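Take a look at the structure below.
The values are calculated or read from the model by the stated rules, or taken from the named source; none is laboratory data. Since this is a predicted model, take the numbers as computed values, not measurements. FYI the Cβ positions are ideal-geometry reconstructions off the backbone, even for glycines, and counts take in every protein chain you see. Each accessible area value is taken on the protein alone, full model and side chains, heavy atoms only, with ligands, DNA and RNA left out. Shrake-Rupley method; radii C 1.70, N 1.55, O 1.52, S 1.80 Å.
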Amino acid sequence: MASNELHDTATALVAEGKGILAADESDGTIKKRFDSIDVESTEDNRRAYRELLFTTEGAENYVSGVILFDETIRQSASDGTPFPKLLASKGVIPGIKVDIGAKPLALAEGETITEGLDGLRTRLEEYRELGARFAKWRATYSISDHTPSEYCVWTNAHALARYAALCQEAGLVPIVEPEVLMDGDHDLHSSSRTTGRVLQAVYTELHDQRIDLRGTLLKPNMVLSGYGATNRASIDEVAEATLDCLYRHVPAAVPGIAFLSGGQSDEDATAHLNAMNAHGPHPWQLSFSYGRALQAPALKAWRGLPENVEAAQRAYYHRAKMNGAARTGMYAPELEREAVPA
Ligand code: 13P
């Protein structure tokens, strides 16, 4: 039925040289980001900050789509243009975060299940009306001696697939985001094994629940050493371990894999993506769907002041351009010095 449109949208989101901006921070998360620059998280500050990002001239050369939050998809630029319309006018595809967060998983201390399935069919219809053409749902898993449990891995995979089915029925491309968190002191091998278990469960459930993989995208973590590990893996080791994991578990029918940055520094996130693409071509496009790694320098430059908007836009444009280069393996750290963020 709508499958050609889904395929086209998924393919456009991972077009050559482009990736996705995740600007779908929930109220709690954006408050944390604003706290770091001493800006109050009011509705208008959130609107002004998102406007700054969405009106950055030229960013559309590197950004194919933007993931919005429920509040943001209903907001407008200062000239009255609704954000989804503003983005679409630049050829940028609006998307929407539809999960309502990772909540404690019953009888599984320290583990979470992502919620938001109740009433989702109706919400998706409304989001499509508002201009969204793709959606996002994030599940999280932490690594410790006893986690993630099989229970956590499979219940989250089942929920991700239920979400994906509802999205495809509503004509939205589901971005499937299983995020293995990199907090802790685990080594690369442990990260790889856990990421593999999670991906295997996710693709089993997607298959069982009749998902057309060509109309989906995967948004996984990269396979890193835990942030607290003493001997952290190098850029090339991360690229190799991540590729190995993806080749084992992600079907070639998936058009693209758009990584989350997950607390890596902005330059590390770019360098890792670049290293993977330098080993290409691969069966899927390898792209980005970064939140922090695209926004951190812009947020710092802005500090809530209108006179800093231009500097913040330059910083955001620069990160988008660097990640655009990493899409084809053409990034080099020397390019960072071309940056002009004031
Ligand atoms: P980060 O790139 O900051 O991890 O955010 C991406 C995202 O959308 C997490 O759900």
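Go through 296, 278, 301, 326 for me and flag whichever is away from the ligand (no atom under 13 Å from the Cβ) and open to solvent by 30 Å² or more (accessible area, probe 1.4 Å). Working first, answer last.
Values: 296 fails: away from the ligand (no atom under 13 Å from the Cβ); 301 fails: open to solvent by 30 Å² or more (accessible area, probe 1.4 Å); 326 fails: open to solvent by 30 Å² or more (accessible area, probe 1.4 Å).
Of 296, 278, 301, 326, the one residue that is away from the ligand (no atom under 13 Å from the Cβ) and open to solvent by 30 Å² or more (accessible area, probe 1.4 Å) is 278.
Does residue 292 count as under 29 Å from residue 39 (Cβ atoms), in contact (Cβ under 8 Å) with a residue 24 or more places away in the chain and charged (D, E, K, R)? Working first, answer last.
Numbers: under 29 Å from residue 39 (Cβ atoms): yes; in contact (Cβ under 8 Å) with a residue 24 or more places away in the chain: yes; charged (D, E, K, R): yes.
Answer is yes for this residue.
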- Note on the structure: Flagged in segment 66-91 as surrounded by fewer than 23 Cβ atoms within 10 Å (Cβ to Cβ), away from the ligand (no atom under 16 Å from the Cβ) and more than 13 Å from residue 49 (Cα to Cα), in numbering order, are 74, 79, 80, 81, 82, 85, 86, 88, 89, 90, 91
- Message: Considering only residues that are more than 16 Å from the ligand (Cβ to nearest atom) and assigned to a strand (DSSP E or B), which ones fall in segment 281-293?
- Response: 285
- Message: Just checking, does segment 228-242 include any residue being under 16 Å from residue 327 (Cα atoms), in a helix (DSSP H, G or I), open to solvent by 10 Å² or more (accessible area, probe 1.4 Å) and not charged (D, E, K, R)?
- Response: yes
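Search segment 304-323 for residues being of a type in the set (S, T, N, Q) and either over 20 Å from the mean Cα position of the chain (by Cα) or within 19 Å of residue 39 (Cα to Cα) (or both), and hand back the single one that is nearest to the ligand (Cβ to nearest atom).
Start the filter on segment 304-323 by keeping residues that are of a type in the set (S, T, N, Q), which leaves 308, 313, 323.
Now drop any that are not either over 20 Å from the mean Cα position of the chain (by Cα) or within 19 Å of residue 39 (Cα to Cα) (or both), which leaves 308, 313.
Values: 308: 21, 313: 19 Å.
So the residue we want is 313.
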- Residue list for segment 51-68, filter: more than 19 Å from residue 259 (Cα to Cα) and in contact with a Ser or Thr (Cβ under 8 Å, 6 or more places away or on another chain): 51
- Item | segment 87-107 residues that are within 23 Å of residue 179 (Cα to Cα), paired with ones that are assigned to a loop (DSSP other than H, G, I, E, B) and small (Gly, Ala, Ser) (beta carbon under 7 Å, 6 or more apart) | 94/131; 94/132; 95/132; 96/132; 98/116; 99/116; 100/116; 101/26
- For residue 273, all conditions in the list (1) open to solvent by 50 Å² or more (accessible area, probe 1.4 Å); (2) within 16 Å of the ligand (Cβ to nearest atom); (3) touching a strand residue (DSSP E or B) at 6+ places or on another chain (Cβ under 7 Å) hold save one; what is the number of the exception? (1)
